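Reviewing the structure listed below.
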Amino acid sequence: MASSSAGGFDELKFRDPERARALALALEREVDAAGRTISLMHVCGSHEQAIARFGLRAVFPRGLDVIMGPGCPVCVTDTPEVDEAVALAAQGARVCTYGDMLRLPGTVKSLADAQSDGGNVEVVYSVTQAVDLARQRPSEQVVFFASGFETTAVATAAAVLSGVPENFSVLSSHKYVPAAMDLVSELKETNIEGFLAAGHAATITGWGIFEPFAARTGKPVVVAGFEPLDVLAAVLELVRLVRAGRPEVMNCYPRCVSREGNGPALEKLWKVFDVVGGNWRGIARVPRGNLELRPEWNHLNARHRFQIDTASVGGASRNVLADQCICGSIMSGLARPSDCSLFGKECRPDTPVGACMVSSEGSCKIWHVYGGAPDLKEVA
Amino acid sequence: MCLGVPGRVLSISDDGLSAQVDFFGVKKELRLDIVDVPVTVGDYVLNHVGFAIRRIPPEEVGETLALFDQILKEAAAGDLMAEDVRGEMAAGRPAPGHGSGRG
Amino acid sequence: MPGGKVALKHGAGGRAMRTLIEEVFLGLASPVDGIGLAALDDGAAIRVGNRWLVITTDSHVVHPIFFPGGDIGRLAVSGTVNDLAMMGATEPLAMTCAVILEEGFPREDLLRVRDSMLEASREAGAPIVTGDTKVMGHGEIDGIVINTAGVAITDRVVTDAGLRAGDRIILTGSVGDHGMAVMVSRHKLGIQGDLRSDVAPLNGLVRAALAAGGDDVVAMKDPTRGGLASVLHEMAGKANVGVLLDETAVPVTPEVRAACEVLGIDPLVVANEGKAVIGVRPGAADRVLAALRAHPLGLRAAIVGTAIASRPGQVVLDTGIGRRLLAESDGEPLPRIC
């Protein structure tokens, strides 16, 4: 990023412009040789961020399409789940949430609205902060609104297993990444020929879980990190696998990802959570898409501890603009943020209509933050 | 999945549950409950929402860069069969005839 | 304005605030012989004889009031001195200081703020000549609010609208220092680092740049709220040029870079209180840069960009790997997590 590069981790080597240029050139040659448009999909908001932030789309060759799928856990959090959190705040609990979830609209209100209405809503940067808060306020019910994929769920699991005070509970809205990939592999409309797997989710789950996926779909999967060279090298490798017709799994992030993943983290995850079906916003029912607390943790599950009255937060005015929102199509990789009539006009980060504009992992927000259409091919 | 930043372990708490980690300009305390292997002072770890989720083996940085250079070389050679002999650096890709899909 | 009510974002220095000003406060504008409200520059310039009277005002509500590298007092003086300097007026004639205090505000803190204001005022050579004092009841205002106004006389006004294609853009030092220092000391983010505000009066530094560049210094603005991104957008928009920014040339301290990486914030949108963005005709860029670097507040000055004829009003960022558009931030940057 900047000129002061003294010290710092070797990660800066993964931003080396010369290697980046070489990878970009090789990528261009591969795609040209293919003689057709190659569409690839990733399912990770942080990959879209990396691509947008470093201007990688301007570097990708014209015949290459790198599309974001449903890789934003906040974006796929359904309105009833937000309503539960809003209701709990209205019912007097102190609801702790990661910042991204604060402005996600429920049926009518977001947690930010609940806060403006006098509810106790706190933004935290770690689940441990919420636990500490519960310890500091023993007379209050503190509810942790747990969002994020399994990379984040392991932290929630670790906190639960290390012991939490009685007044602490978890409202789980965690999602499961493999479900996202299964979803998009079933879409007939797109012509996705290969997948980039999220490097940090894979740090936890290992890359072995993608082997059945590759076998079933006949499409290659490359696990990618998040520095510019990580992304470029992974995309290049994926294009090569696609061209060679090799539906294999390749790990291009070996410094963080192994085949088996992070054993201790996985053990804790499955001690606390189970995969259940749920509705994903804009995408409808996803059979194994959500992570819920296992029955032995019912005493810490906000859905069991409280009678959550979501009826009281529903009703009233519906947002008419929501009818024009195409987040569902965008998350399925069928449309781009710039295809939406509301993008950048009625729907902006400070006045979001759809979920994709709320979360920092949402493609609409990312495209907007990083300049509208991160696809500069013709720059002076 | 998101915001994983690498840092170096400066010290470990007496109970071994947390560590002070240096992010080369700022420091932060991380929980060690879910890191994949035990960490010691000087190790590099990946941070996610206040927890270390991976001990990054220092030799991996060099090896990853070598991996990328190898990918580049093979792309230049246009020799797709060279992938079969890449060995350890490709960290577990199945050899042709094994693993998933058509070879 | 949803619900017809002012929201916090209307004060954050971004698009929402500009909209509020355009919709509400521009209605106050009336014609002046010079640069008035409608120009929305750092200050106003009124013609007096064959010279210009430059006038500016700022209110300061920063929290916490004491932060690493400075405090609200230093900020109140520097902010106003710098707004005058950005208009080309580097010899402040006088400043005012109006204070609104909350009942219960500690006298010791007040003295500390006062001392800090005096020190900054002396650094800038800007005497504080008049003021006002009010006290509001406990809970009716948050601690302390300081408003300062400043006046100066100058022979030549430099606006923020003077860029032309080919002009070079100079940044007088590292970005992100102030905003990150305040953010980390305000929120319980659990990170520790030597983050210090850069708050300082810049009139001496700007004087050096003007002495070296003269009429070739064509545009100036200080990147406060909204950061470098905001200033470049304004300068590009008002001059109807594009700006090409070289991200690898922008100085950022290791502490700010690390804090921004960990928190997921772009240093280009973070507030600064001791830096200036100076647009210079290409032939003068090197000597203006040399003059800045010879000054203690400009040691890390760098040429970071160029005005371009294409993409008027837009800022193109060259990341060193690829290019993209640099957007303005809509409001206060918040740390990103998952």
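The values are calculated or read from the model by the stated rules, or taken from the named source; none is laboratory data. Since we're looking at a predicted model, the values are computed, not measured. Positions of Cβ are generated from backbone atoms using ideal geometry, with glycine treated the same way; all protein chains shown enter the neighbour counts.
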Q. (1) outside the structural domain of A:VAL235 (by TED's automatic domain parsing); (2) in a strand (DSSP E or B): which one isn't true of A:GLY194, the others all being true?
A. (1)
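Being acidic (Asp, Glu) and surrounded by fewer than 24 Cβ atoms within 10 Å (Cβ to Cβ) is the filter; apply it to the stretch A:103-160 and report the residue that is farthest from B:ASN47 (Cα to Cα). Break it down stepwise before answering.
Going through the stretch A:103-160, the residues acidic (Asp, Glu) turn out to be A:113, A:117, A:122, A:132, A:140, A:150.
This time we only want the ones that are surrounded by fewer than 24 Cβ atoms within 10 Å (Cβ to Cβ), so: A:113, A:117, A:122, A:132, A:140.
Numbers: A:ASP113: 31, A:ASP117: 35, A:GLU122: 22, A:ASP132: 20, A:GLU140: 30 Å.
For the stretch A:103-160, the residue satisfying everything is A:ASP117.
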Q: Please state which one of A:ALA20, A:ALA24, A:ALA50, A:ALA33 is under 20 Å from A:PHE149 (Cβ atoms), among the hydrophobic types (A, V, I, L, M, F, W, C) and in contact with a helix residue (DSSP H, G or I) (Cβ under 8 Å, 6 or more places away or on another chain).
A: A:ALA50
Q: Examine the stretch C:283-303 for a residue that is in contact with a Lys or Arg (Cβ under 9 Å, 6 or more places away or on another chain), modelled with pLDDT under 90 and aliphatic (A, V, I, L, M), and state whether such a residue exists.
A: no
Q.
Whether any residue in the stretch B:48-67 is at pLDDT 90 or above and more than 8 Å from every other protein chain (Cβ to nearest Cβ) is what I want to check.
A. yes
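Identify, from the list C:LEU325, C:LEU268, C:LEU292, the residue that is at negative phi, facing chain A (nearest Cβ under 10 Å) and surrounded by 23 or more Cβ atoms within 10 Å (Cβ to Cβ). Before the answer, list the steps.
Numbers: C:LEU325 fails: surrounded by 23 or more Cβ atoms within 10 Å (Cβ to Cβ); C:LEU292 fails: facing chain A (nearest Cβ under 10 Å).
Answer to the selection: C:LEU268.
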Q. Listed residues A:ILE283, A:ILE326; which is at negative phi, modelled with pLDDT under 90 and not hydroxyl-bearing (Ser, Thr, Tyr)?
A. A:ILE283
Q) Among the residues of the stretch A:246-262, is there at least one that is out of contact with any helix residue (DSSP H, G or I) (no Cβ under 7 Å at 6 or more places or on another chain), over 18 Å from A:TRP207 (Cβ atoms) and either at pLDDT 95 or above or assigned by TED's automatic domain parsing to the domain that holds A:CYS364 (or both)? A) no
Q) In the stretch C:178-279, which strands (runs of 3 or more DSSP E) lie fully inside it and hold 2 or more residues that are touching an Asp or Glu at 6+ places or on another chain (Cβ under 7 Å) and within 26 Å of C:SER121 (Cα to Cα)? A) C:217-221
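Need at least 1 residues that are more than 14 Å from chain B (Cβ to nearest Cβ) per element, so show me which helices (runs of 4 or more DSSP H) inside the stretch A:59-162 make the cut, counting only ones lying wholly within it. Working first, answer last.
On the way: elements: A:79-90, A:111-116, A:127-136, A:150-161.
Result: A:79-90, A:111-116, A:127-136.
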(Q) List the residue pairs whose Cβ atoms are under 9 Å apart, where the first residue sits in the stretch C:101-129 and is not assigned by TED's automatic domain parsing to the domain that holds C:ASN82, the second is surrounded by 13 or more Cβ atoms within 10 Å (Cβ to Cβ) and among the small types (Gly, Ala, Ser), and the two are 6 or more positions apart or on different chains. (A) none
Q) Do the conditions hold for C:GLY176, that is, is it out of contact with any Cys (no Cβ under 8 Å at 6 or more places or on another chain), in the same structural domain as C:ALA258 (by TED's automatic domain parsing) and at positive phi? A) no
Q. In the stretch A:13-58, which residue that is of a type in the set (Gly, Ala, Ser) and either more than 28 Å from the chain's Cα centre (by Cα) or not in a helix (DSSP H, G or I) (or both) is farthest from A:LEU229 (Cα to Cα)?
A. A:GLY35
Q) So, of the residues in the stretch A:33-58 that are small (Gly, Ala, Ser) and within 14 Å of chain C (Cβ to nearest Cβ), which turns out to be surrounded by the most Cβ atoms within 10 Å (Cβ to Cβ)? A) A:GLY45
Q. If C:SER59 passes every condition in (1) surrounded by fewer than 20 Cβ atoms within 10 Å (Cβ to Cβ); (2) at pLDDT below 90 but one, which one does it miss?
A. (2)
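Tell me, yes or no, whether the stretch A:275-283 has at least one residue that is surrounded by fewer than 22 Cβ atoms within 10 Å (Cβ to Cβ) and of a type in the set (D, E, K, R). Quick ask: steps written out before the conclusion?
As a first pass, look at the stretch A:275-283 and keep what is surrounded by fewer than 22 Cβ atoms within 10 Å (Cβ to Cβ): A:275-277, A:279, A:282-283.
Cutting the leftovers down to of a type in the set (D, E, K, R) gives us none.
Taking every residue of the stretch A:275-283 in turn, none turns out to be surrounded by fewer than 22 Cβ atoms within 10 Å (Cβ to Cβ) and of a type in the set (D, E, K, R).
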Q: Look at the stretch A:198-254 and say how many of its residues are at the interface with another protein chain (Cβ under 8 Å from one of its Cβ atoms), within 21 Å of A:PRO264 (Cα to Cα), in contact with a Leu (Cβ under 8 Å, 6 or more places away or on another chain) and not hydrophobic (A, V, I, L, M, F, W, C).
A: 3
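Mind checking which residues of the stretch A:329-352 are charged (D, E, K, R) and assigned to a loop (DSSP other than H, G, I, E, B)?
Within the stretch A:329-352, A:ARG336, A:LYS345, A:GLU346, A:ASP350 meet the criteria.
Inside the stretch B:22-33, can you point out the residues that are in a loop (DSSP other than H, G, I, E, B) and either at pLDDT 95 or above or surrounded by fewer than 23 Cβ atoms within 10 Å (Cβ to Cβ) (or both)? Break it down stepwise before answering.
Taking the stretch B:22-33 first, the residues in a loop (DSSP other than H, G, I, E, B) are B:23-25, B:32-33.
Answer for the stretch B:22-33, where residues must be in a loop (DSSP other than H, G, I, E, B) and either at pLDDT 95 or above or surrounded by fewer than 23 Cβ atoms within 10 Å (Cβ to Cβ) (or both): B:PHE24, B:LEU32, B:ASP33.
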